[in-house]
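The values are calculated or read from the model by the stated rules, or taken from the named source; none is laboratory data. The structure presented is a predicted model; accordingly, all values stated were derived computationally and were not measured. So basically every Cβ, Gly included, is an ideal-geometry build from the backbone, and we count neighbours across all protein chains shown. Protein only, heavy atoms only, side chains kept; ligands, DNA and RNA dropped before computing areas. Shrake-Rupley method; radii C 1.70, N 1.55, O 1.52, S 1.80 Å.
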Amino acid sequence: MGKHINIAIDGPGGAGKSTISKAVAKKLGIIYVDTGALYRTVGYYAREHGLSVNDVKVSELITPMLDNISIEIRYIDGSQHVILNGEDLGDKIRQPDISMYASAVSSVPSVRAFLLETQKELARKNSVIMDGRDIGTVILPDADVKIFLTASNEARALRRFNELIAKGVEVKYEDVLSEMNQRDHADSTRAAAPLKAADDAILFDNSGYEFEGSVAHVLEIIEERTGVKRIEE
Ligand code: DC
């Protein structure tokens with residue numbers, strides 16, 4: 001077994017965190033942990049149980065629901081599956097309205113506390129590249145490498161738009177852009193673990209990069225900082 005490493009990738013939605021992290025994980029032979037999926041799962045449960053995303057009492061309503069939620073992460077053929085109360089949710093958590101639910105519930109401190117140990121434990125037991133909003137600041141403050149990945153609003157919205165269209169979801173670019181701006185604002189201004197770069201994070205704006213170039217750049221940073229080498233070219 002190789003050296004145990006933890007890599008933290010933070011940044012706003014659509015910056016390419018998940019696709020880049022997934023590719024880097026494969027090259028390094030480590031696990032990719034998508035923490036947004038955990039918040040999406042809590043958001044999904046809340047929607048299924050009648051919570052309205054704009055309810056000012058989100059915090060009061062979601063907190064007691066946590067007693068009825070059990071979330072497990074499983075890896076099947078190297079890809080992450082989130083199991084909610086025994087049910088594998090698959091792509092159900094990828095619907096656009098679930099993004100808004102995830103963002104809403106993620107501002108509630110009890111929700112963040114509820115998901116904290118699951119994330120820390122995965123990183124203790126495995127070498128991981130973990131992406132989210134507070135990985136370098138809260139979840140893995142001692143990560144071997146922290147990268148804050150970003151791109152222009154338009155580049156990010158266009159990527160998200162193309163992803164959704166490729167999945168057959170009917171959306172308008174303008175709606176994706178405005179929803180993304182709204183979500184960025186909420187995620188960065190919330191009191192509990194807001195989206196921000198850790199002081200020791202390396203900033204990487206990948207607006208002008210193709211996907212392969214971004215992957216190569218992230219791999220170089222990790223190899224240089226940890227001494228770990230890719231297992232696959
Ligand atoms: O990365 P994503 O789009 O799947 O995340 C969905 C929402 O979850 C995002 O709007 C903010 C929240 N989130 C968070 O607060 N902390 C994380 N570590 C990951 C996601």
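Sub-7 Å Cβ pairs linking a first residue in segment 15-29 that is over 19 Å from G208 (Cα atoms) and open to solvent by 20 Å² or more (accessible area, probe 1.4 Å) to a second residue that is hydrophobic (A, V, I, L, M, F, W, C) and at pLDDT 95 or above, at least 6 apart or interchain, are K27/L219, ordered by first then second residue. Tallying residues that are surrounded by 15 or more Cβ atoms within 10 Å (Cβ to Cβ) and in contact with a Ser or Thr (Cβ under 9 Å, 6 or more places away or on another chain) within segment 195-233 yields 11. Among the candidates A102, A113, A123, the residue that is near the ligand (Cβ under 8 Å from one of its atoms), of a type in the set (A, V, I, L, M, F, W, C) and part of a helix (DSSP H, G or I) is uniquely A102.
Determine whether segment 127-148 contains at least one residue that is open to solvent by 20 Å² or more (accessible area, probe 1.4 Å), in contact with a helix residue (DSSP H, G or I) (Cβ under 6 Å, 6 or more places away or on another chain) and free of Cβ contacts under 8 Å to residues at least 40 places away in the same chain. No, there is no match, as no residue in segment 127-148 is open to solvent by 20 Å² or more (accessible area, probe 1.4 Å), in contact with a helix residue (DSSP H, G or I) (Cβ under 6 Å, 6 or more places away or on another chain) and free of Cβ contacts under 8 Å to residues at least 40 places away in the same chain.
Filtering segment 29-57 to residues that are charged (D, E, K, R) and within 14 Å of the ligand (Cβ to nearest atom) leaves D34, R40, R47. The condition of being under 22 Å from M180 (Cα atoms) and out of contact with any Asp or Glu (no Cβ under 9 Å at 6 or more places or on another chain) holds for only one of Q95, Q119, that being Q95. Kindly indicate whether I71 is of a type outside the set (D, E, K, R), open to solvent by less than 10 Å² (accessible area, probe 1.4 Å) and at pLDDT 95 or above. For I71, the condition - of a type outside the set (D, E, K, R), open to solvent by less than 10 Å² (accessible area, probe 1.4 Å) and at pLDDT 95 or above - is not met.
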